[in-house]
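Single-structure report; data block below.
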Amino acid sequence: DAGVIQSPRHEVTEMGQEVTLRCKPISGHNSLFWYRQTMMRGLELLIYFNNNVPIDDSGMPEDRFSAKMPNASFSTLKIQPSEPRDSAVYFCASRGGRDGNTEAFFGQGTRLTVV
Amino acid sequence: AQRVTQPEKLLSVFKGAPVELKCNYSYSGSPELFWYVQYSRQRLQLLLRHISRESIKGFTADLNKGETSFHLKKPFAQEEDSAMYYCALLISSGSARQLTFGSGTQLTVLP
């Protein structure tokens, strides 16, 4: 397995544009997390899914942010419209099974720059 | 509510010196705690978990329920230990389990 795969690796966009970040979790994992990493706030949990169902989206900063998980192998995080303060590295992670000892595996992240 | 607190954003030590990265947590249930590390230009990866009670790359972390702490320690820091370290707590939410992180500590080991 190639691990958690995120695309794109880098995204530069103009303020007001729509941005879509993509994530492919590890096959068989039933939990998926979206995190945002900034120098000021560290790693913030935005939303997480369990068995494709959003469980907690309280970390989503505004209505401009939305996330979907249409199936077990794909998730998107969308920002519309984007703003410069959204610039950050966005990580996707997955963990699996009923075993509480399973670690979370992270993707390489998407570095988003909104100008 | 702040579940995981890492009070130090930045920590610098000299090579060979002991290092301790602090982590405190707040959770009413039985905690499961982890340390994750992110080396420069690499993805976040698990360093160690408290239930394993193991030493990884010379690092250890002991869960102290009385002090609600899970500090990461290494007796002799190496330059290659320079990285961002995150303490994480696994929280049960119904049938799902959420992994929440502290704000991270950037460790720099000076030559």
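In table form, for the structure just shown:
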item: A:R111 being more than 14 Å from the chain's Cα centre (by Cα), within 14 Å of chain B (Cβ to nearest Cβ) and closer than 24 Å to B:T105 by Cβ; result: no
item: Residue that is farthest from A:T20 (Cα to Cα) [pool: residues in segment A:32-44 that are crowded, with 20+ Cβ neighbours inside 10 Å and at the interface with chain B (Cβ under 7 Å from one of its Cβ atoms)]; result: A:G42
item: Some residue of segment B:50-67 being within 14 Å of chain A (Cβ to nearest Cβ), without any contact (Cβ under 8 Å) to a residue 40 or more places away in the chain and polar (S, T, N, Q); result: yes
item: Check on A:I55, part of a strand (DSSP E or B), within 12 Å of chain B (Cβ to nearest Cβ) and free of Cβ contacts under 8 Å to residues at least 12 places away in the same chain; result: yes
item: Condition broken by A:T113, with the remaining ones in (1) closer than 22 Å to B:V37 by Cβ; (2) surrounded by fewer than 19 Cβ atoms within 10 Å (Cβ to Cβ); (3) of a type in the set (V, I, T); (4) touching an Asp or Glu at 6+ places or on another chain (Cβ under 8 Å) satisfied; result: (1)
item: Failed condition for A:G3, given (1) more than 10 Å from chain B (Cβ to nearest Cβ); (2) more than 14 Å from the chain's Cα centre (by Cα); result: (1)
item: Top-ranked residue of segment B:13-51 - restricted to ones that are of a type in the set (G, A, S) and within 18 Å of B:G104 (Cα to Cα), ranked as modelled with the lowest pLDDT; result: B:S40
item: Residues satisfying the stated conditions in segment B:99-111, i.e. small (G, A, S) and surrounded by fewer than 13 Cβ atoms within 10 Å (Cβ to Cβ); result: none
item: Leading residue by the ranking (modelled with the highest pLDDT) among those in segment B:84-98 that are surrounded by fewer than 21 Cβ atoms within 10 Å (Cβ to Cβ) and assigned to a strand (DSSP E or B); result: B:M84
item: Given (1) within 14 Å of chain B (Cβ to nearest Cβ); (2) touching a strand residue (DSSP E or B) at 6+ places or on another chain (Cβ under 6 Å); (3) under 20 Å from A:R111 (Cβ atoms); (4) not in a strand (DSSP E or B), index of the condition A:I26 fails; result: (3)
item: Residue within segment A:67-83 that is within 9 Å of chain B (Cβ to nearest Cβ) and aliphatic (A, V, I, L, M) present; result: no
item: All positions within segment B:58-83 that are part of a strand (DSSP E or B) and either exposed (fewer than 13 other Cβ atoms within 10 Å of the Cβ) or of a type in the set (F, W, Y) (or both); result: B:F59, B:N64
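Residue by residue, here is whether (1) outside any strand (DSSP E or B); (2) within 12 Å of chain A (Cβ to nearest Cβ); (3) surrounded by 14 or more Cβ atoms within 10 Å (Cβ to Cβ) holds:
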| residue | (1), (2), (3) |
| --- | --- |
| B:E8 | yes, yes, yes |
| B:L11 | no, no, yes |
| B:A17 | yes, no, no |
| B:G29 | yes, yes, no |
| B:Y36 | no, yes, yes |
| B:R43 | yes, yes, yes |
| B:L47 | no, yes, yes |
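Yes/no matrix, rows are residues, columns are (1) closer than 21 Å to B:I91 by Cα; (2) aliphatic (A, V, I, L, M):
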position	(1), (2)
A:Q6	no, no
A:S27	no, no
A:L32	yes, yes
A:R41	yes, no
A:S58	yes, no
A:V89	no, yes
A:Q108	no, no
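The values are calculated or read from the model by the stated rules, or taken from the named source; none is laboratory data. All of these numbers come straight from a predicted model, not from anything done at the bench. All Cβ positions, glycine included, derive from the backbone under ideal geometry; neighbour counts span all protein chains shown.
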